[in-house]
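Notes follow once the structure below has been shown.
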């Protein structure tokens, strides 16, 4: 049995980086969501939560490749 639920493929404390990664994934037709987008507010309260990028599990491998290419191109 395979899990078809969402999976976290990337995490960052930087909201700008999270948005850029989201755009890179969506430009390749990979649906994704950002979780914990209020991380900066939590950091101000002394809690450290990263912004998580979540994709459907069947797209996780491709998403990982795109993210690696995106990070290496900077």
Rg [Å, one decimal], Dmax [Å, integer] - the stretch 6-72, C-alpha atoms: 11.9, 36
Förster radius 22 Å - calculated FRET efficiency between residue 38 and residue 74 (Cβ-Cβ, nearest 0.05): 0.30
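The numbers here are math on the coordinates, done by the rules we state, and not lab data. None of these values were measured; they are calculated from a predicted model. Here the Cβ is made from the backbone with ideal geometry for all residues, glycine too, and neighbour counts use every protein chain on show.
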